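All remarks here apply to the structure that follows.
The values are calculated or read from the model by the stated rules, or taken from the named source; none is laboratory data. In this text the structure is predicted, and so the values were computed from the model without any measurement. With ideal geometry, Cβ positions are generated from the backbone for all residues, glycine too; neighbour counts draw on all protein chains shown. Side chains are part of the model used for accessible areas, which takes the heavy atoms of the whole protein and leaves out ligands, DNA and RNA. Shrake-Rupley method; radii C 1.70, N 1.55, O 1.52, S 1.80 Å.
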Amino acid sequence: MFDTMTFTKILGALCGSLLIFLLGNWASELIYHGGEGGHGKGEHKQAYVIEVEGASETEEVAEEEVDFMAILASADAGKGEKVFSKCKACHKLEDGANATGPHLYGIVGRTISAVDGFGYSGALVTQADAWSPEALNGFLENPKGWAPGTKMSFAGLRKISDRANLIAYLQTIGG
C-alpha cells in the first residue's frame, strides 16, 4: 500500500501536470491567436490585396456546364462496378432481392417506386417518372437535395465521373 509521502508525491505530480497543461494552453492562445483580442475578435486589416484585371469582389465565377450524357457515353462500367461497392451495403443487384434499399436490377429506365414490396418515400415520385440516366445522376449526386424527404441516407457521389461510371455499370444489370 502507499504511505502518505508517496501519495503526496503522486498528487503533486498530477497537479503539476495539470498546471503545465493549462499554462501551455494559455501560452499557445497568446502566441497563435494574437493575445487579448484572440482569433476572429476585433478588427483586422488585410495584409495585402492582389488586384485581378476585370474582376470584382462581388463577381461570382459561373460553374461550367457539363454535358452528362457525353460523359456517360465514355463511362467505364468496370470502374462503375468498383463504385457500386459504396452501394452494396443497402442495395442488391438480384431481381426482387430488396435490402435496406430496393434492388437495383434493371434500374435504368425503370419507373420510380416500381419495386413491389418496398416502402418508398413519396419524395421520389414527385421528381421524375422513371430512373433515366439524368434522374439517376441528380439523385446520386445529392439524394436529399434532389428528392427532399427521401429515406436514403447516403450523402451522394461528388465526382461526375463516378456517377457516370456507376450508371454505365447499372445499365449492364438486367436491362
Tally of residues being surrounded by 14 or more Cβ atoms within 10 Å (Cβ to Cβ) and either touching a Phe, Trp or Tyr at 6+ places or on another chain (Cβ under 9 Å) or farther than 20 Å from residue 67 by Cβ (or both) across segment 133-144
8
Would you pick out the residues in segment 148-174 that are of a type in the set (Gly, Ala, Ser), open to solvent by less than 50 Å² (accessible area, probe 1.4 Å) and either modelled with pLDDT of 90 or more or under 16 Å from the mean Cα position of the chain (by Cα) (or both)?
156, 164, 168
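Between 78, 38, which is surrounded by 10 or more Cβ atoms within 10 Å (Cβ to Cβ), modelled with pLDDT of 90 or more and under 36 Å from the mean Cα position of the chain (by Cα)?
78
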Selection from segment 83-109 of residues of a type in the set (D, E, K, R) and without any contact (Cβ under 8 Å) to a residue 60 or more places away in the chain yields 88, 92, 94
Given the criteria open to solvent by less than 80 Å² (accessible area, probe 1.4 Å), modelled with pLDDT under 90 and under 34 Å from the mean Cα position of the chain (by Cα), does residue 44 qualify?
no
For segment 107-141, which residues satisfy the criterion of being within 24 Å of residue 160 (Cα to Cα), out of contact with any helix residue (DSSP H, G or I) (no Cβ under 6 Å at 6 or more places or on another chain) and of a type in the set (Phe, Trp, Tyr)?
131
I'd like the residue in segment 120-132 that is under 25 Å from the mean Cα position of the chain (by Cα) and exposed (fewer than 13 other Cβ atoms within 10 Å of the Cβ) and, out of all such residues, is nearest to residue 146 (Cα to Cα).
126
